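Below is one structure, written out as structure tokens, with a few remarks after it.
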Amino acid sequence: MHAVRRQLRRDGIGGPGGGSRATIGALGAFILLGAIPNAARADWTLGAQAGVKHDDNVGNAQSRSDIVGDSAIDARLSTFQLYPLDEGYSVSVGGDVSGEAYRRLTGLNEVSLDGMVALKKKWGLGAFAPWVRGGLSLGRSSYEDSYRNSWDYRATLASGRRIDERWNVWVDYAFERRAASPQMEEVPGLSGDAFSQSSQNAGAHVEFSLNENTFLAIGVLGRHGDVVSTGAGSARIYDASRALAEDPAFGPEAYAYRLTGTTYGFQLGISYAATAHSVIGCGFKHFDTHADGGNNYIKSVAEITWSYHL
């Protein structure tokens with residue numbers, strides 16, 4: 001039945017997702033996790049997540065000398081409410097606050113606030129009915145190095161079905177737009193808007209229940225659009241870039257280059273439902289990006305997470 005309860009949680013928005021403001025925000029989100037069990041009000045669903053991850057190529061660099069790996073902790077506090085409508089439709093509204101703090105690259109520490117709305121259609125009753133969901137979200141991200149601050153827009157479409165007690169499958173698509181403030185032009189005629197991005201993302205996912213409490217998941221991912229690669233740079237990446245800006249979060253000589261690229265990836269995960277409301281998980285993601293001008297790079301992210309839902 002844990003598998004069915006996990007499916008019912010997908011009826012909401014979340015789906016299968018020093019003294020700086022960003023650092024304080026990340027620590028504050030962790031503190032809020034402790035308040036979750038006593039915070040339920042009315043029909044609102046509350047959730048929290050905390051995790052630690054290691055990214056072996058945070059700056060999406062191609063050259064070995066530019067590659068920087070780092071670890072980070074993150075936390076998220078979310079709430080949403082589900083409004084059932086007629087004929088299998090429902091509307092969800094909600095929001096979340098989150099924070100992330102890096103061990104070395106502290107300029108990337110950030111806190112975010114997001115609001116979301118989603119419309120879902122189910123053909124039938126119960127956890128095994130096929131479904132389609134579309135959603136919109138708007139968020140604001142504030143970084144310790146404020147030149148990365150941005151407004152974040154996202155439109156999503158997903159569909160899936162739990163086949164039986166063991167198998168669950170779904171696909172999803174998202175259009176994402178990150179709007180940051182343009183920086184001063186480093187090179188006349190070349191935009192300084194290196195941190196704004198637009199992209200399209202698609203994925204296919206399968207989850208298998210090993211037993212009542214343990215779940216395996218695998219997914220394949222694809223993305224096309226803007227990517228930001230940070231490093232000392234070269235003539236090849238300069239010629240292919242659409243924008244260029246200083247990126248002191250990675251060092252005084254680092255520059256961020258905005259390129260157009262296509263990314264292919266996969267993710268693996270295992271999770272354990274420790275209680276009726278909490279899940280512990282670990283996962284691995286790998287991405288292979290091919291950008292304009294032959295500026296290609298790979299990266300992997302390993303993470304451990306804990307999540308709680310009321």
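The values are calculated or read from the model by the stated rules, or taken from the named source; none is laboratory data. Since we're looking at a predicted model, the values are computed, not measured. We place every Cβ from the backbone using ideal geometry, glycine too, and count neighbours over all the protein chains shown.
For region 177-195, the count of residues that are within 17 Å of R223 (Cα to Cα), assigned to a strand (DSSP E or B), charged (D, E, K, R) and touching a Ser or Thr at 6+ places or on another chain (Cβ under 6 Å) is nonzero.
Checked against the criterion of being under 26 Å from E110 (Cα atoms), out of contact with any His (no Cβ under 8 Å at 6 or more places or on another chain), modelled with pLDDT under 90 and basic (K, R), region 21-38 contains one or more residues that satisfy it. Each residue in region 122-144 was checked for being surrounded by 15 or more Cβ atoms within 10 Å (Cβ to Cβ) and under 20 Å from the mean Cα position of the chain (by Cα), and 9 of them qualify.
Inspect region 42-53 for any residue being closer than 30 Å to L210 by Cα, surrounded by fewer than 17 Cβ atoms within 10 Å (Cβ to Cβ) and modelled with pLDDT of 95 or more and give the result as yes or no.
Taking region 42-53 first, the residues closer than 30 Å to L210 by Cα are 45-53.
Then keep just the ones that are surrounded by fewer than 17 Cβ atoms within 10 Å (Cβ to Cβ); that gives 52.
Now drop any that are not modelled with pLDDT of 95 or more, which leaves 52.
Within region 42-53, one or more residues are closer than 30 Å to L210 by Cα, surrounded by fewer than 17 Cβ atoms within 10 Å (Cβ to Cβ) and modelled with pLDDT of 95 or more.
Which residue, of S141, S78, is touching a strand residue (DSSP E or B) at 6+ places or on another chain (Cβ under 8 Å), in a strand (DSSP E or B), of a type in the set (S, T, Y) and farther than 22 Å from Y308 by Cα? Steps first, please.
Numbers: S78 fails: farther than 22 Å from Y308 by Cα.
Matching residue, one of S141, S78: S141.
Scanning region 221-245 for residues that are buried (at least 18 other Cβ atoms within 10 Å of the Cβ), more than 28 Å from E207 (Cα to Cα), in contact with a Gly (Cβ under 9 Å, 6 or more places away or on another chain) and not hydrophobic (A, V, I, L, M, F, W, C) yields D226, S229, T230, G231, S241. In the set (1) buried (at least 21 other Cβ atoms within 10 Å of the Cβ); (2) among the aliphatic types (A, V, I, L, M); (3) under 30 Å from L77 (Cα atoms), A302 fails one condition alone, (1). Against the numbered list (1) of a type outside the set (A, V, I, L, M); (2) exposed (fewer than 14 other Cβ atoms within 10 Å of the Cβ); (3) modelled with pLDDT of 95 or more, S65 comes up short only at (3). For region 221-234, the criterion of being in contact with a Lys or Arg (Cβ under 7 Å, 6 or more places away or on another chain) and of a type outside the set (G, A, S) is met by at least one residue. Answer yes if at least one residue in region 250-261 is buried (at least 18 other Cβ atoms within 10 Å of the Cβ) and either more than 25 Å from A180 (Cα to Cα) or under 18 Å from the mean Cα position of the chain (by Cα) (or both), and no otherwise. Taking every residue of region 250-261 in turn, none turns out to be buried (at least 18 other Cβ atoms within 10 Å of the Cβ) and either more than 25 Å from A180 (Cα to Cα) or under 18 Å from the mean Cα position of the chain (by Cα) (or both). Pairs meeting the criteria (first residue in region 137-150 and closer than 23 Å to F80 by Cβ, second residue part of a helix (DSSP H, G or I) and aliphatic (A, V, I, L, M), beta carbons under 7 Å, at least 6 apart or on different chains) are S142/A22. For region 211-238, a residue qualifies if it is over 25 Å from the mean Cα position of the chain (by Cα) and closer than 23 Å to V68 by Cα, and the qualifying residues are A232, G233, S234, A235, R236, I237, Y238.
Take region 80-95 and flag every residue that is crowded, with 20+ Cβ neighbours inside 10 Å and hydroxyl-bearing (S, T, Y). Break it down into steps so the answer makes sense when it comes.
Applying the first criterion (crowded, with 20+ Cβ neighbours inside 10 Å) to region 80-95 yields 80, 92, 94.
Passing the criteria: only S92.
Scanning region 151-176 for residues that are β-branched (V, I, T) and assigned to a strand (DSSP E or B) returns T156, V169, V171.
Which count do you get for residues in region 280-298 that are of a type outside the set (F, W, Y) and over 27 Å from A48 (Cα atoms)? Selection size over region 280-298: 10.
Going through (1) crowded, with 19+ Cβ neighbours inside 10 Å; (2) not in a strand (DSSP E or B) one by one, G203 falls short only on (2).
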